[in-house]
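**Student:** Next up is a structure, given as structure tokens.
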Amino acid sequence: AQKVTQAQTEISVVEKEDVTLDCVYETRDTTYYLFWYKQPPSGELVFLIRRNSFDEQNEISGRYSWNFQKSTSSFNFTITASQVVDSAVYFCALWARNSGGSNYKLTFGKGTLLTVNP
Amino acid sequence: DAGITQSPRYKITETGRQVTLMCHQTWSHSYMFWYRQDLGHGLRLIYYSAAADITDKGEVPDGYVVSRSKTENFPLTLESATRSQTSVYFCASRASGSGGANEQFFGPGTRLTVL
């Protein structure tokens with residue numbers, strides 16, 4: 001069965017520190033997609049990035065960067081020079097088929113609560 | 001307004017009552033989803049719909065009923081609410097294509113409390 005593990009339940013940093021949120025996934029599917037979503041204190045879920053299993057290039061968007069490594073089944077998310085507005089719960093998610101199945105499903109990790117203190 | 005909306009945003013009900021949570025999207029997305037978010041469990045899929053009149057169970061469907069008579073609406077009904085259904089409910093939608101891997105867009109959520 002597919003699974004997403006975000007081992008860090010909570011992280012607390014001081015503003016301007018760099019922080020990396022870990023995401024490890026499990027799937028037997030060879031074609032899959034990985035996502036990151038942000039849930040700020042206001043509660044809505046905001047899409048951040050989608051990456052397919054064939055594209056291992058790292059991606060940078062402003063202060064955000066993502067490191068996808070198939071060899072370790074990881075899709076980690078780094079925030080550089082963190083800001084108070086980055087405080088949120090961050091979810092990693094996997095889009096893949098269950099073993100032997102034909103239906104894709106989106107499986108979320110349990111999230112990491114990031115608190116950035118001034 | 002364009003986007004995906006949910007109503008009500010907050011609801012308090014009593015055990016045994018029927019409750020319907022509404023979801024409306026203006027993008028004409030084919031797919032719509034209902035999730036519940038609980039501490040320690042993250043987001044879990046309740047039901048989803050691939051198109052009008054096509055629905056299917058997700059991970060935790062027991063106690064819930066859905067319908068989709070129109071593409072833009074996807075109501076979720078708790079036929080007889082239980083305390084274990086106290087949760088935050090999110091509706092989401094996505095366009096078809098890309099092998100189904102298009103990102104899902106989420107509504108603002110409905111916080112439901114069952115007393």
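The values are calculated or read from the model by the stated rules, or taken from the named source; none is laboratory data. Keep in mind it's a predicted model, so treat the numbers as computed, not measured. Because the Cβ atoms are built from the backbone with ideal geometry, glycine has one as well, and the counts that use them run over all protein chains shown.
**Student:** Can you tell me which residue among B:T55, B:T15 is modelled with pLDDT of 95 or more and away from chain A (no Cβ under 13 Å)?
**Tutor:** From the options B:T55, B:T15, the qualifying one is B:T15.
**Student:** If you take just the strands (runs of 3 or more DSSP E) that sit entirely in segment A:1-69, which of them hold at least 2 residues that are more than 14 Å from chain B (Cβ to nearest Cβ) and among the aromatic types (F, W, Y)?
**Tutor:** Those strands (runs of 3 or more DSSP E) span A:64-69.
**Student:** Exactly one condition in (1) closer than 23 Å to A:F47 by Cα; (2) in contact with a Phe, Trp or Tyr (Cβ under 8 Å, 6 or more places away or on another chain); (3) not basic (K, R) is false for B:T77; which is it?
**Tutor:** The single condition B:T77 does not satisfy is (1).
**Student:** Would you confirm, using the coordinates I've provided, whether A:R97 is basic (K, R) and without any contact (Cβ under 8 Å) to a residue 40 or more places away in the chain?
**Tutor:** Spelling it out, it is not the case that A:R97 is basic (K, R) and without any contact (Cβ under 8 Å) to a residue 40 or more places away in the chain.
**Student:** Within segment A:23-43, how many residues are under 16 Å from the mean Cα position of the chain (by Cα), surrounded by 15 or more Cβ atoms within 10 Å (Cβ to Cβ) and closer than 23 Å to B:F106 by Cα?
**Tutor:** So the answer is 10.
**Student:** Scan segment B:88-111 for residues that are more than 11 Å from chain A (Cβ to nearest Cβ) and surrounded by fewer than 21 Cβ atoms within 10 Å (Cβ to Cβ) and jot them down.
**Tutor:** B:A95, B:S96, B:G97
**Student:** Out of all the residues in segment B:1-55, which are under 23 Å from B:N102 (Cα atoms) and among the acidic types (D, E)?
**Tutor:** Selection gives B:D1, B:D53.
Residue by residue, here is whether (1) in contact (Cβ under 8 Å) with a residue 24 or more places away in the chain; (2) under 12 Å from the mean Cα position of the chain (by Cα) holds:
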{"position": "B:R17", "(1), (2)": "yes, no"}
{"position": "B:A52", "(1), (2)": "no, no"}
{"position": "B:G58", "(1), (2)": "yes, yes"}
{"position": "B:V65", "(1), (2)": "no, yes"}
{"position": "B:T77", "(1), (2)": "yes, yes"}
{"position": "B:A95", "(1), (2)": "yes, no"}
